[in-house]
Each structure stands twice: as C-alpha cells, then as structure tokens.
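Below is one structure, written out as structure tokens; the observations come after it.
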Amino acid sequence: MKTTPFTKKHIALGAKMHEFAGYNMPIEYSGIIDEHMTVCQSVGVFDVSHMGEFWVKGPKALDFLQKVTTNNVAVLSPGKAQYTCFPNEQGGIVDDLLIYCYESEKYLLVVNAANITKDWNWCIAHNIEGAELENSSEHIAQLAVQGPKAIHVLQKLTSIDLSTIPYYSFKVGDFAGEKQVIISNTGYTGAGGFELYFYPEAAEKIWDALFESGREYGIKPIGLGARDTLRLEMGFCLYGNDLDDSTSPIEAGLGWITKFIEGKNFISRTLLEQQKAEGVIRKLIGFKLIDRGIPRHGYKLMNIDGECIGTVTSGTMSPTLKVGIGMGYIYPQYAELGTEIYLDIRGRKLKAQVVKPPFRKL
C-alpha cells in the first residue's frame, strides 16, 4: 500500500488503519461518532494527502478545461475555486473534482485518490488543445482542518487574514513558517474550516504546529469514517458510491455545475442537454428512515407494493440526528419531497421519507 507523509503519525497515535484507494489510511482514532461530533463542535484534522493534484498551464489551459469539465471555468479569477466534473462520452462522470484558479493561465485540479491514474490518462488523451499538464500528486500533501474552531487554530499560524477567504476561495502565503502554502475554503464536512496544500517535506512541521495551536480547543485527528458520515449528513456526493462512470450529472442533481452556455462545447454536451430537456429515468434523492434501521450501499428501495424502485448509494446512522439517513437513485415519480418509500434490509421493509439534504442543518 502507498503511504502519505503522515502515515507514521497515524500509526503512532493508534489509528485503526485500512486500505483506501491504494493508500494505508486512518479509518478512525477515538471512534467515528466522537470524531464526527468533534468536527461539528470544535476542530479536527483530516489527512487527505492521498488526493490527486494536476496543474494545467499555458495559453490553452482554459480552452482545455472548458472542454473536459461541465462547469464554466471562464468565470474563475485568481484566488477562486470551483466544483465540477469530467463527463465521459456516454454522459457519465469520469470523476468529480475541484479547480483552483492560481493565475490567469495556471489552474490546479484536485481529483479523487482512487481516480488519479484514470483521470490523468483521461486528461492526456483529450488534450488536443496542447495545454501544459503536470501530475504533481506525489509532490503535494494536504490536510483538511475542519470545524467551527478551525479558524482560531489556523489564524495563530499565518499572517493571512483567514476571515477574508470566502467559501470556494483560497490564498497562498506563509503558514507555520512555511512559504507558498495554499489555504483554501472548500470544505467537505459542512462544519467550516480550511484545507492546507504544501510540500511533503513540511508535513511533520505543519502537523505538529497545528496540534500545538489547537490544544486549547481540543483538536483531534479524524479518520475517513467520520469524513464519510460528515459529508453524508451534508448530502455531498462520494465518487464510487453516488457518482460513477454510469451516472450523469443531471441524474445526480448536479445540473448546477453543468453549464450549457454559448461556446462551451464540453464532452457529451448534446446528450446532457437532452437529458435536462426531456428528463431522466432516475434521480439521486436523499431519504430519512422513519423506522429504526441503518441503510447501506446496495440496499434496495421499494414502493408500498414492494416493487423495487431504486438502490441506496450511501447510507449511515446519522451521529447528529440519531436516525438512519441515505442517498440513492430512484424512479422520478417517487422523488418528490415527502414521498414515503421503503428500505429492504434483509427482507425487512422499513419505512422512509424522501427529504432534501443537508440532513444536518447549518
């Protein structure tokens, strides 16, 4: 398995380790519920150094990105970020990703860890524009410092005024004595906070500085288990569960990142435009269990007559609400808010209701 610059730290701290996307990653430390509530109420630190990072540079960078992603990259100015996806030729999703506009002809793409090779090959294969591509995944480490107290912990370590970084924006500067650190506000937890991108050589120094600065706030390391429950309570999609090569952004409720503007002829535009105009045969919905139970990926969703109407893509027992919550694809006629549906758990038929995420209200 691959390691991150923090793997030895995780093991020394007693984390429960497991393979994720080819990396030896911490799943939990003190327990998923404890870690989840720490992030909601105070501050936690996630090692997300397994994520991939590609630079796209040069005079053809924008043209290339406008073709291979669905969102309108042209609206980005330096210091702004954007959520988007790579569509494939069948209208499915190669990956969902973030784009950071570093300079007018320099962009940083942050892709999912499990898709680094796939995404890199996709970009290379479709770069007929001649943009300058550079895979820096092995040369960038990343920590996500999340929670309402995160800003207080981080502010002690940088001269950048973090209150001047709005959501989906970033600044580059000093942090914990290191230069050229990207400090970004694009959190995946819904609890506030920032992400730090830096050279792996600075990893131990930055980790130690964070935990020293955050001691008074009860800072804790957080594993991937709580990362999943936090993102699910917000209704954020996870690639491989809620999104994949066969799900379209229109089906997934990502029409808001799919821009059919003049001059933006992205891959599968015609097909996705048709889906938006004519409707889709399934929709991604959120649901909350009324009966007691825990939904899991792959469970069937049914109507009152016991007919299968869809499948759960993500599910958990909500640490905040103490009820089962989930997301899944179902037939559109059952997707209206408030509709009663049923979850099949090993032959038991549990009542649920279609709701609009986020499940955890901010």
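Return yes or no: is residue 210 in a strand (DSSP E or B), outside the structural domain of residue 296 (by TED's automatic domain parsing) and either of a type outside the set (Phe, Trp, Tyr) or touching a residue at least 40 places away in the same chain (Cβ under 8 Å) (or both)? Walk me through it before giving the result.
Working: in a strand (DSSP E or B): no; outside the structural domain of residue 296 (by TED's automatic domain parsing): yes; either of a type outside the set (Phe, Trp, Tyr) or touching a residue at least 40 places away in the same chain (Cβ under 8 Å) (or both): yes.
Criteria not met by residue 210.
At pLDDT 95 or above and either in a strand (DSSP E or B) or of a type in the set (Phe, Trp, Tyr) (or both), is that true of residue 157?
Details: at pLDDT 95 or above: yes; either in a strand (DSSP E or B) or of a type in the set (Phe, Trp, Tyr) (or both): no.
Spelling it out, it is not the case that residue 157 is at pLDDT 95 or above and either in a strand (DSSP E or B) or of a type in the set (Phe, Trp, Tyr) (or both).
Here's the yes/no breakdown for (1) of a type outside the set (Ser, Thr, Tyr); (2) closer than 23 Å to residue 31 by Cα; (3) touching a helix residue (DSSP H, G or I) at 6+ places or on another chain (Cβ under 8 Å):
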position: 108; (1), (2), (3): yes, no, no
position: 162; (1), (2), (3): yes, no, yes
position: 169; (1), (2), (3): no, no, no
position: 187; (1), (2), (3): yes, yes, no
position: 194; (1), (2), (3): yes, yes, yes
position: 211; (1), (2), (3): yes, yes, no
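Is it the case that segment 124-132 has a residue that's in contact with an Asp or Glu (Cβ under 7 Å, 6 or more places away or on another chain) and under 27 Å from residue 8 (Cα atoms)? Give the steps one after another, and end with the answer.
Of all residues in segment 124-132, those in contact with an Asp or Glu (Cβ under 7 Å, 6 or more places away or on another chain) come to 129.
Retained after the next criterion (residues that are under 27 Å from residue 8 (Cα atoms)): none.
No; the residues of segment 124-132 include none that is in contact with an Asp or Glu (Cβ under 7 Å, 6 or more places away or on another chain) and under 27 Å from residue 8 (Cα atoms).
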Report task. For residue 124, work out the one condition from (1) touching a strand residue (DSSP E or B) at 6+ places or on another chain (Cβ under 8 Å); (2) in contact (Cβ under 8 Å) with a residue 24 or more places away in the chain it doesn't fulfil. Result -> (2)
**Report entry** Conditions (1) of a type in the set (A, V, I, L, M, F, W, C); (2) surrounded by 16 or more Cβ atoms within 10 Å (Cβ to Cβ); (3) over 18 Å from residue 250 (Cα atoms); number of the one not met by residue 335
**Finding:** (3)
Query raised in the report: Restricting attention to segment 247-263, does a residue exist that is touching a residue at least 24 places away in the same chain (Cβ under 8 Å), under 15 Å from residue 96 (Cβ atoms) and either part of a strand (DSSP E or B) or more than 23 Å from the chain's Cα centre (by Cα) (or both)?
Result: no
Query raised in the report: Can you tell me which residues in segment 106-136 are crowded, with 19+ Cβ neighbours inside 10 Å and under 17 Å from the mean Cα position of the chain (by Cα)?
Result: 108, 109, 110, 111, 112, 113, 115, 116, 119
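The values are calculated or read from the model by the stated rules, or taken from the named source; none is laboratory data. Everything numeric in this text was worked out from a predicted model, so none of it was measured. Neighbour counts run over all protein chains shown; Cβ positions are idealised from the backbone, glycine included.
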